[in-house]
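A.B. asks: Right, I'll just put the structure down here and ask away after.
The values are calculated or read from the model by the stated rules, or taken from the named source; none is laboratory data. Please read all numbers here as calculations on a predicted model, not as lab measurements. Backbone-built Cβ (ideal geometry, glycine too); neighbour counts: all protein chains shown. Only protein heavy atoms, including side chains, enter the accessible area calculation; ligands, DNA and RNA are left aside. Shrake-Rupley method; radii C 1.70, N 1.55, O 1.52, S 1.80 Å.
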There are 2 protein chains.
Amino acid sequence: MTGTTRTPRERYRQQVREEVKEKAWQQIAGSGASALSLNAIAKQMGMSGPALYRYFANRDELITELIRDAYRSLADAFIAADSGGAGRPGLAGLARVLRGWALEDPHRYFLIYGTPVPGYHAPQDITAISTELMAVLLETCTAAAGPAAEPDPFDRHLADHREWAASHPDAPPSALHLALTFWSRLHGVLSLELAGHFTGMGLDPALFYEAEVDRIMTPDPLTAR
Amino acid sequence: MTGTTRTPRERYRQQVREEVKEKAWQQIAGSGASALSLNAIAKQMGMSGPALYRYFANRDELITELIRDAYRSLADAFIAADSGGAGRPGLAGLARVLRGWALEDPHRYFLIYGTPVPGYHAPQDITAISTELMAVLLETCTAAAGPAAEPDPFDRHLADHREWAASHPDAPPSALHLALTFWSRLHGVLSLELAGHFTGMGLDPALFYEAEVDRIMTPDPLTAR
DNA sequence: CACTCTGGTTATAGCCTCTAACAAACACAA
DNA sequence: TTGTGTTTGTTAGAGGCTATAACCAGAGTG
């Protein structure tokens, strides 16, 4: 509807770019992003080396594009869950979406949340997607966070440091805190799981993930320890 | 005392290996592990390319060595904290040690906990170090975990899946759960912080870290939400 | 002293990224 | 239809990397 390519040349160009990215994802799945080779992709597509530089200025541009697509895909998954027919998903729903998305393609997850490349700075339009993502999370968190109990010290810090939550100027600090907690705790479990740090330990990461989700939403009543 | 090199040849060999690793760390700090170049290191040391292959069979062996050293260093930090003169450090102490160690050299942290290299499997002696680490954590967690409250579902799972906690056969499931929680939650915050995902958000990662530490040790009483 | 083992050297193969120079094909207007 | 500029492909090549091979000098050792 929007970006429908005008000229057939543009059209073809887009097709090739897409095919390149497709092969790129395959390569990444096989040998990781650092081993991605424009040359190999070109050969795979039956064209010779430098041809690809007509489509991507350099390796970095391709990778940036992949990162953008990855972010976009995650954001879309969140948005779809949020505005899907079946009522609001709630934090548990978002958590499920997040894990599903991550397991679907771990390398894609690490492209976003893995080891940063020194010197790399995401272009502005990518960070925009990530704030889009955060907006959905904040929306859900303001709905989930009950009317303020007495704020803990970090809540008080957040009350004064909420630039990142500009999309929800009325969300209480406890909601911001909840969003950060959701993000960091689930990332903690997921990234350890996907990196294989649980393999051989004999525990079921899915259950651990669920346990964390439960405790994000309803912190233990004082019974425990 | 132990590994004191016998022959002066061995001695020299070790010196060179150490110098190589040193330059390697510098390179990693500058351009990340994936950009590490044996060639460049060799030149930096005034010798020509292939010479280094007398000391390391290949790039992978060097990196493995760096990973080993990284693990060793973290484990030693934990052990030192645990058996240091000033009484047991407790979970908060370990958390402080962990963060200090991570900030000291983020690339070293990511060498252990960052994006995994597809196909790479850590040799057995490295995983041994990581269980050493886990042992210190478990020790502290059994001391910290109060006598069992009623176990949550994941506790029950852990009761049957505790191979990884072989060092502490008598630790209650709640202690194992606590250890996992410590590990994954703090990794969550740290890895987001070190990867720069908090930059520009305007919040203080150190405070968030502290907040998480607090909630690991004393989950919110039912007041909150 | 001779002999071996070690640590260095150059040469080379085979990857890679990326630039330059050139050729064919296409789009389109006169 | 013919001419012209743009796009997309080609090969050649510079310069980087890993890694192997072949060779040579010096250190230890019988």
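A.B. asks: Only one of these is part of a helix (DSSP H, G or I), within 22 Å of residue B:190 (Cα to Cα), of a type in the set (Gly, Ala, Ser) and open to solvent by less than 50 Å² (accessible area, probe 1.4 Å): A:95, A:135, A:81, A:42. Name it.
C.D. replies: Of the residues listed, the single one that is part of a helix (DSSP H, G or I), within 22 Å of residue B:190 (Cα to Cα), of a type in the set (Gly, Ala, Ser) and open to solvent by less than 50 Å² (accessible area, probe 1.4 Å) is A:95.
A.B. asks: If you don't mind, there's one more thing I want to ask. Filter the stretch B:167-191 for residues that are in a helix (DSSP H, G or I) and over 30 Å from residue A:166 (Cα atoms) and give the result.
C.D. replies: Scanning the stretch B:167-191 gives B:173, B:174, B:175, B:176, B:177, B:178, B:179, B:180, B:181, B:182, B:183.
A.B. asks: Give just the number: which of (1) under 26 Å from residue B:80 (Cβ atoms); (2) more than 9 Å from chain A (Cβ to nearest Cβ) does residue B:173 not satisfy?
C.D. replies: Only one criterion is unmet by residue B:173, namely (1).
A.B. asks: Then there is this: For residue B:58, state whether it is open to solvent by 50 Å² or more (accessible area, probe 1.4 Å) and touching a Gly at 6+ places or on another chain (Cβ under 6 Å).
C.D. replies: no
A.B. asks: Going by the structure shown, is residue A:91 within 29 Å of residue B:106 (Cα to Cα) and touching a helix residue (DSSP H, G or I) at 6+ places or on another chain (Cβ under 9 Å)?
C.D. replies: When the stated conditions are applied, residue A:91 does not pass them.
A.B. asks: Check whether at least one residue in the stretch B:154-166 is without any contact (Cβ under 8 Å) to a residue 40 or more places away in the chain, surrounded by 14 or more Cβ atoms within 10 Å (Cβ to Cβ), among the acidic types (Asp, Glu) and assigned to a helix (DSSP H, G or I), and report yes or no.
C.D. replies: Yes, because at least one residue in the stretch B:154-166 is without any contact (Cβ under 8 Å) to a residue 40 or more places away in the chain, surrounded by 14 or more Cβ atoms within 10 Å (Cβ to Cβ), among the acidic types (Asp, Glu) and assigned to a helix (DSSP H, G or I).
Residue-wise test of (1) outside the structural domain of residue B:117 (by TED's automatic domain parsing); (2) at pLDDT below 95; (3) more than 10 Å from DNA strand D (Cβ to nearest atom).
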site: B:6; (1), (2), (3): yes, yes, no
site: B:12; (1), (2), (3): yes, yes, no
site: B:19; (1), (2), (3): yes, no, yes
site: B:28; (1), (2), (3): yes, no, yes
site: B:46; (1), (2), (3): yes, no, yes
site: B:73; (1), (2), (3): no, no, yes
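A.B. asks: If you don't mind, there's one more thing I want to ask. Mind listing whichever residues of the stretch B:8-35 are open to solvent by less than 80 Å² (accessible area, probe 1.4 Å) and more than 12 Å from chain A (Cβ to nearest Cβ)?
C.D. replies: B:10, B:14, B:16, B:17, B:19, B:20, B:21, B:23, B:24, B:25
A.B. asks: Considering only the stretch A:30-44, I want to know if a residue exists there that is more than 25 Å from residue A:104 (Cβ to Cβ), hydrophobic (A, V, I, L, M, F, W, C) and within 12 Å of DNA strand D (Cβ to nearest atom).
C.D. replies: There is at least one residue in the stretch A:30-44 that is more than 25 Å from residue A:104 (Cβ to Cβ), hydrophobic (A, V, I, L, M, F, W, C) and within 12 Å of DNA strand D (Cβ to nearest atom).
A.B. asks: I would also like to ask the following. Inspect the stretch A:192-210 for any residue being surrounded by fewer than 18 Cβ atoms within 10 Å (Cβ to Cβ), within 20 Å of the chain's Cα centre (by Cα) and in a helix (DSSP H, G or I) and give the result as yes or no.
C.D. replies: yes
A.B. asks: Let me ask something additional. Free of Cβ contacts under 8 Å to residues at least 12 places away in the same chain, over 15 Å from residue B:17 (Cα atoms), more than 8 Å from DNA strand D (Cβ to nearest atom) and away from chain A (no Cβ under 14 Å): is that true of residue B:84 in this structure?
C.D. replies: For residue B:84, the condition - free of Cβ contacts under 8 Å to residues at least 12 places away in the same chain, over 15 Å from residue B:17 (Cα atoms), more than 8 Å from DNA strand D (Cβ to nearest atom) and away from chain A (no Cβ under 14 Å) - is met.
A.B. asks: Quick check on my filter: what residues within the stretch A:140-153 are more than 9 Å from chain B (Cβ to nearest Cβ) and surrounded by 19 or more Cβ atoms within 10 Å (Cβ to Cβ)?
C.D. replies: A:140, A:141 - these are the residues of the stretch A:140-153 that are more than 9 Å from chain B (Cβ to nearest Cβ) and surrounded by 19 or more Cβ atoms within 10 Å (Cβ to Cβ).
A.B. asks: Can you name the residue in the stretch B:45-77 that is over 28 Å from the mean Cα position of the chain (by Cα) and in a loop (DSSP other than H, G, I, E, B) and, of all such residues, is nearest to residue A:115 (Cα to Cα)?
C.D. replies: Only one residue fits best here, namely B:45.
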